[in-house]
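The values are calculated or read from the model by the stated rules, or taken from the named source; none is laboratory data. The structure presented is a predicted model; accordingly, all values stated were derived computationally and were not measured. Here the Cβ positions follow ideal geometry from the backbone for every residue, glycine too, while neighbour counts run over all protein chains shown. Just so you know, the surface numbers come from the protein's heavy atoms only, side chains and all, with ligands and any DNA or RNA stripped out. Shrake-Rupley method; radii C 1.70, N 1.55, O 1.52, S 1.80 Å.
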Amino acid sequence: MSKNIRIDEHLISVEPYYLPLADEVELAEAAYGAGIPLLLKGPTGCGKTRFIQYLAWKLKRPLVTVSCHDDLSTSDLVGRYLIRAGEAVWTDGPLTMAVRAGAICYLDEIVEARKDTTVVIHPLADDRRELPIEKLGELLVAPPEFMLAVSYNPGYQSVLKDLKPSTRQRFIALSFDYPDLERETAIVVREGDVEKDLARLLVKLAHMTRSLKDSGLPEGASTRLLIQAGKLMAKGIPARTACRVAITGPLTDDPELLTAIDEMVSSLF
Amino acid sequence: MELEELKNVFFELVAPDLPNEWDVEEAIESLEGIPEEPLATALGQVPVIWPVSNSLCFSYLTQVAGALNCIELGLLSQWVNETLDHYERSGLKAAQRFMMDVQGHFVCRLQGRSGLRYSQVKGRLLPYVRGLAKKNLDLQRADCAFTDTLTIFLPREISLFTNEDDNFLLYKLIASFQWSYIALDSFLVSRNRGRANPSAKGILWLQDYFSGFSNPVLIADIYHGLETLRVKVFLDQELPGLMRDAVPILAKITASPFGREKTGRFFATFQQLVLSQEVDQENGWLQHVKPLLMYGATARDSLALAEDIYVALSPEAGDYERIEPLSFQGRMQLGQVASARLEQRREQENLFVESLATLLLTLPPVTGDAGDDDEAGGGHESGLAAPPEEAVAIVIVGNRGRPGEEENKNPRFITIDNREIELSEELAELAAAITLDLGTIPDQYIASATGKAGQGTPGLTMSAAGDGAELSAPITYDEWDFRRSGFRLNWCIVTEKEIPITRSTFIRNTLDAYHGQIIRLRHQFEMMRTSERFVRRQRDGDDIDLDALVESLADTVAGRPPSDRLFIRLKRDERDIAALFLVDMSNSTRGWVGKAIKESLVLICEAMETLGDRYGIYGFSGMRRLRCEIFPIKTIDQIYNDEVRERIGSIAPREYTRMAPAIRHMTSILKDVDAKVRLLITLSDGKPEDYDEYKGEYAIEDTRHALIEAKMAGIHPFCITIDQHAHEYMAHMYGEVNYIFINDVRKLPARMPEIYRVLTS
């Protein structure tokens, strides 16, 4: 019973705002119907997580998100025995919980996890769709409602943190990128609560920073940063200041790039 | 000091060089009569300049007496440094020019009386324009502002305003205006619209077009003026912040004086409009240019209008005198645009040929049924159906079967001898750019590509010639000159060369001789491998620690507070180490030393193979700054196999020990390796030294600086040396604890793995 309550907390009841870039929603729905897991690729802050939230809402499934890190162990995903009042009690990990409840399990930044940890999803990610829980001696078969989704950013990960081909080749891959000028403007207007003209300038600024790759900026301003800058502006912070703290600062520490981005900001606003 | 005495001092300073006595006399003539202290300071700079350029040093000597009159003694070295900077960036003439005017070029600036210099703003503006342009535009300085579409040229200095911020803003405005000309396609006009030869396709280049007018300068100036107006409207819309900030400085810029005649009135109107100044509403020209004041006007509109205005102005513009353009407007240098275009065309051709050749090489060979041609399956390894000279009938097919995409916009296929080849995205973009420029992809591009592919592109294969075939293009590195506390730019040329292989029984003998030690080493190193161990009594873990649980239950029963550390966790200690061994291959390693170094390399490799750390081995030697040679013996990704062993066996003494460029090269390799710990271990037998003046303090300081650069890149340098005098300089170069001296070279093989073990555990 208690487990049910917990999984219910993961249900998304209000429609998250998501502006489709292409046919990704239809593709994801088709994959869901066919029981194929999803691999979401794209730069930071371009809407991968928002997309999966939207999908979970649309499919009316709870969404269990795990942010992966390099100390994440198999037990952290599957579950472990805990001691409660002198007794060993099994506690499901987020993955097991999602499988039991037929939820969507979303492993964010999967490449950050160690390779031996990611192997645990293999039987779940192919046509077997099962999760062996060794310690319980249980073989959990995923219900049709269950879906596995993982995400990673191919931009900044090193060769060492690439996904193993055996892991990759179990997914259908949806590539995300920053939306085009019009759509990104619409997103910033809606989420950042700013006027269209201001939003368009923010998006232009983002485009400028995104072309600084060869000048030493590994990634340009993400849509998320634009929205944050927009929110500050909506709170009455002057545009140049808002950009400085919400875009320039978070992007880099390099003094030359800082001043260069500041120049872009002052040219636009 | 007497001339004779001065001469002797000079010869001592530049020894062992022996410059022409006559030249020296002429140069130091002016130093006669300078008091002792300034003279000593002035001569003290000779060793700094002489090795960089003898001619510059002579010029310095003739100028320094004058310079000492205007600048304080303490600033002399700064003046020399700036002179050298000029020399390294722009050559001898520029440096001499700089020295000539001490007051204007140096003193005024120091006193803050001059404006803002290009070098002060470049770092800020370059990323700015690249951000604007969304491509790799370059910045350079020139006498006036213009752009050739690949580079924006900015004035050397702006001193129009008294305050630096305003001067910078003007720099930014110039850069933004010049970028806008490129962004708005001011230099190319599409041919298929408008009046100019409507039937022809492709783009119309202005230079070609203007040359048809009787007064090409006038039409160019009119067009440039109109384009500037269009750019202003564009910038008002695109960069409103900049244009708002620029209002005060625009107000300070005054329009050039114009005559009363028609031409003058036209240019006056245009400059007033650009500067947002009041224009008389009755002004006839205002009506003319109105269409350009709308956002969204095109270069074609400007050109059409320019033609009209030209017709109106030309009768009285027989001896048209060019007006001074607005400072941010610059001049249109159509000749430069044309040569940049040719340059770009050449680059595109090379890139296209290379990429297409590579693509063709990767294609599977044509089988017999792939084409009608009997020769099709004739065993061309490149996968081409025919030899290059027969590769004809080239057709670029548009986006076949891709509805919705404009025909020919991005050619996706290329047909060579009836074989349809799909282009990669990059190649398709390139093809599109070439098609836009030339109307089609010239046959010879494709012929060259198929030719290259047919021959098995020479650039792709590596010859294994006897004496050190070059493995990569030479790379230049700066060298640190401690006397001027600055770098000599692009001073050393480093080339990676293949080590000439000599066959010997060295490896077998070493493996036999150290058989027992190798087994021991392997065992030792195995213990250091990534260890996985269970740690007990953790608060959180994968499994329950039963011992701890029993204890805790017992404690509870006994009334003692139970522990909450009841879990077992699997802990992995990963060795994430990458090491590069840099081996001195100088002549002094002949004999025992070289043998010991080679043996120790074999041993360390055997040990490293068990350990699993990533490692590479490079040898270095060379002679003079232009020939620093690096011999890759094992790169970090290579496996330790017979070839590597053979290369270790072939390590032989060569020339000199210019250590710093080798260290800089190692740094550039190692800094791209993703590892928690990055080690650079140098094996050396003596001080850094080269054939030229690279020795003593200079060499040690340069090496020290290279090591500091390595440390800044997150690399730990360490040195193993067998030089008896190592203590005198090693601590200064590497730091007290970062080197080890081995007194008996015979012990080196045994010590080396041990040192590595201690270093990394």
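Side notes on the structure shown:
- Candidates in region B:119-154 are the residues that are closer than 29 Å to B:Phe106 by Cβ, open to solvent by 20 Å² or more (accessible area, probe 1.4 Å) and more than 14 Å from chain A (Cβ to nearest Cβ); of these, the one that is modelled with the highest pLDDT is B:Phe153.
- Screening A:Ser267 on (1) farther than 17 Å from B:Gly241 by Cβ; (2) without any contact (Cβ under 8 Å) to a residue 24 or more places away in the chain; (3) among the hydroxyl-bearing types (Ser, Thr, Tyr) shows it passes everything except condition (1).
- Residue among B:Tyr656, B:Tyr618 that alone is surrounded by 20 or more Cβ atoms within 10 Å (Cβ to Cβ), closer than 21 Å to B:Ile722 by Cβ and at pLDDT 90 or above: B:Tyr618
- On inspection, B:Arg322 does not qualify as open to solvent by 70 Å² or more (accessible area, probe 1.4 Å) and at pLDDT 85 or above.
- Region B:261-284: number of residues that are open to solvent by less than 50 Å² (accessible area, probe 1.4 Å), within 21 Å of B:Leu218 (Cα to Cα) and modelled with pLDDT of 75 or more: 10
- Cβ pairs under 8 Å, 6+ apart, first in region B:641-653 and free of Cβ contacts under 8 Å to residues at least 60 places away in the same chain and aliphatic (A, V, I, L, M), second surrounded by 17 or more Cβ atoms within 10 Å (Cβ to Cβ) and not in a loop (DSSP other than H, G, I, E, B): B:Val644/B:Cys605; B:Val644/B:Ile617; B:Val644/B:Ile633; B:Val644/B:Lys634
- Test result for B:Val644, hydrophobic (A, V, I, L, M, F, W, C) and under 23 Å from the mean Cα position of the chain (by Cα): no
- Region A:209-222: number of residues that are of a type outside the set (Gly, Ala, Ser) and open to solvent by 10 Å² or more (accessible area, probe 1.4 Å): 5
- Residue within region B:554-569 that is at the interface with chain A (Cβ under 9 Å from one of its Cβ atoms), without any contact (Cβ under 8 Å) to a residue 40 or more places away in the chain, hydrophobic (A, V, I, L, M, F, W, C) and open to solvent by 50 Å² or more (accessible area, probe 1.4 Å) present: no
- For region A:243-254, a residue qualifies if it is away from chain B (no Cβ under 13 Å), in a helix (DSSP H, G or I) and either touching a helix residue (DSSP H, G or I) at 6+ places or on another chain (Cβ under 7 Å) or open to solvent by 50 Å² or more (accessible area, probe 1.4 Å) (or both), and the qualifying residues are A:Val245, A:Ala246, A:Pro250.
- Residue match in region A:48-60 (condition: among the small types (Gly, Ala, Ser), open to solvent by less than 70 Å² (accessible area, probe 1.4 Å) and either within 12 Å of the chain's Cα centre (by Cα) or at pLDDT 85 or above (or both)): yes
- The condition of being in contact with a strand residue (DSSP E or B) (Cβ under 8 Å, 6 or more places away or on another chain) and either within 14 Å of another protein chain (Cβ to nearest Cβ) or within 23 Å of A:Asp8 (Cβ to Cβ) (or both) does not hold for A:Leu163.
- Check on A:Gly137, under 26 Å from B:Gln538 (Cβ atoms) and within 14 Å of chain B (Cβ to nearest Cβ): no
- Test: residue in region B:163-170 that is at pLDDT 90 or above, under 17 Å from B:Arg331 (Cα atoms), out of contact with any Phe, Trp or Tyr (no Cβ under 7 Å at 6 or more places or on another chain) and buried (at least 22 other Cβ atoms within 10 Å of the Cβ): no
- Within region B:171-188, considering residues that are open to solvent by 20 Å² or more (accessible area, probe 1.4 Å) and not in a helix (DSSP H, G or I), the one nearest to the other protein chains (Cβ to nearest Cβ): B:Leu184
- Some residue of region A:4-14 being closer than 24 Å to A:Leu124 by Cα, in contact (Cβ under 8 Å) with a residue 60 or more places away in the chain, surrounded by fewer than 17 Cβ atoms within 10 Å (Cβ to Cβ) and not acidic (Asp, Glu): yes
- Residues (closer than 16 Å to A:Gly35 by Cβ and part of a loop (DSSP other than H, G, I, E, B)) located in region A:97-112: A:Gly102, A:Ala103
- Single residue of A:Pro144, A:Pro94, A:Pro132, A:Pro154 found to be over 27 Å from A:Ser13 (Cβ atoms), open to solvent by 30 Å² or more (accessible area, probe 1.4 Å) and in contact (Cβ under 8 Å) with a residue 12 or more places away in the chain: A:Pro154
- Counting the residues of region A:203-237 that are free of Cβ contacts under 8 Å to residues at least 24 places away in the same chain and within 11 Å of chain B (Cβ to nearest Cβ) gives 3.
- Exclusive hit being surrounded by fewer than 17 Cβ atoms within 10 Å (Cβ to Cβ), within 12 Å of chain B (Cβ to nearest Cβ), more than 26 Å from B:Asp138 (Cα to Cα) and in contact with a helix residue (DSSP H, G or I) (Cβ under 8 Å, 6 or more places away or on another chain), set A:Arg200, A:Arg240: A:Arg240
- A:Asp126 meets the conditions (1) crowded, with 19+ Cβ neighbours inside 10 Å; (2) more than 13 Å from chain B (Cβ to nearest Cβ); (3) over 30 Å from B:Asp555 (Cβ atoms) in every case but one. The failed one is (1).
- Among the residues making up region B:690-700, those that are part of a helix (DSSP H, G or I) and either open to solvent by less than 30 Å² (accessible area, probe 1.4 Å) or among the aliphatic types (A, V, I, L, M) (or both) are B:Tyr698, B:Ala699, B:Ile700.
- The residue of region B:570-586 that is nearest to the other protein chains (Cβ to nearest Cβ), among those that are surrounded by 14 or more Cβ atoms within 10 Å (Cβ to Cβ) and more than 30 Å from the chain's Cα centre (by Cα), is B:Leu570.
- Residue in region B:509-553 that is nearest to the other protein chains (Cβ to nearest Cβ), counting only those that are of a type in the set (Lys, Arg) and under 28 Å from B:Glu609 (Cβ atoms): B:Arg533
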